[in-house]
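Data first, discussion second: the structure below is written as structure tokens.
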Amino acid sequence: MSYIQGFLVPVPTKNKDAYQKLAEKSAPIFQEYGALKIVEAWGDSVPDGKVTDFKRAVKAKDEETVVFSWIEWPDKETYEAAAKAMESDPRWKDMPEMPFDGKRMMWAGFDPIFVTES
């Protein structure tokens, strides 16, 4: 089974196009390092929770939209090797400025325990 790297990002709604362009420009780099699939999902129905929710998790402001993303890697070893190698990849310096507050972005690695596909 593959390994999943998940992200939550609060993006100013007005920066949607800039975010998408950054995602499109960075995707080939992730793929070169072994990513199998990259999904960027713009928040469309992100309800307020009673205790916690996606917006609170990243301290999203009223004028921001939460983006839920994930990268599928063949395995954890490929993900870890890619993360290490990408730290020194000079192409990141050519990327446009992040169109969001990176301090409120969160990410983590996940080991799938159940997957179904149609």
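Data table
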| read-out | value |
| --- | --- |
| Net charge over other residues, Cβ less than 15 angstrom from the Cβ of Gln5 (K, R count +1; D, E count -1) | -4 |
| Cα gyration tensor category, rounded, prolate or oblate, for segment 44-112 with a/c compared to 1.5 | oblate |
| Share of carbon and sulfur in the accessible heavy-atom surface of the chain [1.4 Å probe, %] | 54 |
| Solvent-accessible surface (1.4 angstrom probe) belonging to Met1, in square angstrom, nearest 10 | 150 |
| FRET efficiency, 1/(1 + (r/R0)^6) with R0 25 Å, evaluated for Arg56 and Glu97 via beta carbons | 0.45 |
| Selected from Val58, Met106, Tyr33, residue furthest toward positive end of dipole (the chain; charges at beta carbon) | Val58 |
| Expected 222 nm ellipticity per residue - DSSP helices of 4 or more, -39500 (n - 2.57), all of the chain, to 500 | -8000 deg cm²/dmol |
| Where GluC sites (Glu not before Pro) fall in DSSP loop in segment 50-106, at most 14 other Cβ within 10 Å | Glu63, Glu87, Glu97 |
| Sparse-neighbour loop sites [trypsin sites (Lys or Arg not before Pro); segment 19-110; at most 13 other C-beta within 10 Å; DSSP] | Lys50, Lys59, Lys61 |
| Rounded if a/c under 1.5, otherwise prolate or oblate - the chain, Cα gyration tensor axes | oblate |
| Accessible area in square angstrom per residue, segment 1-86, 1.4 angstrom probe | 61 |
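The values are calculated or read from the model by the stated rules, or taken from the named source; none is laboratory data. Because the structure is predicted, anything quoted here is derived from the model rather than measured. Reconstructed Cβ throughout: ideal geometry from the backbone, glycine too, with neighbour counts over all protein chains shown. To get the accessible areas, we keep the full protein, side chains included, count just its heavy atoms, and leave off ligands, DNA and RNA. Shrake-Rupley method; radii C 1.70, N 1.55, O 1.52, S 1.80 Å.
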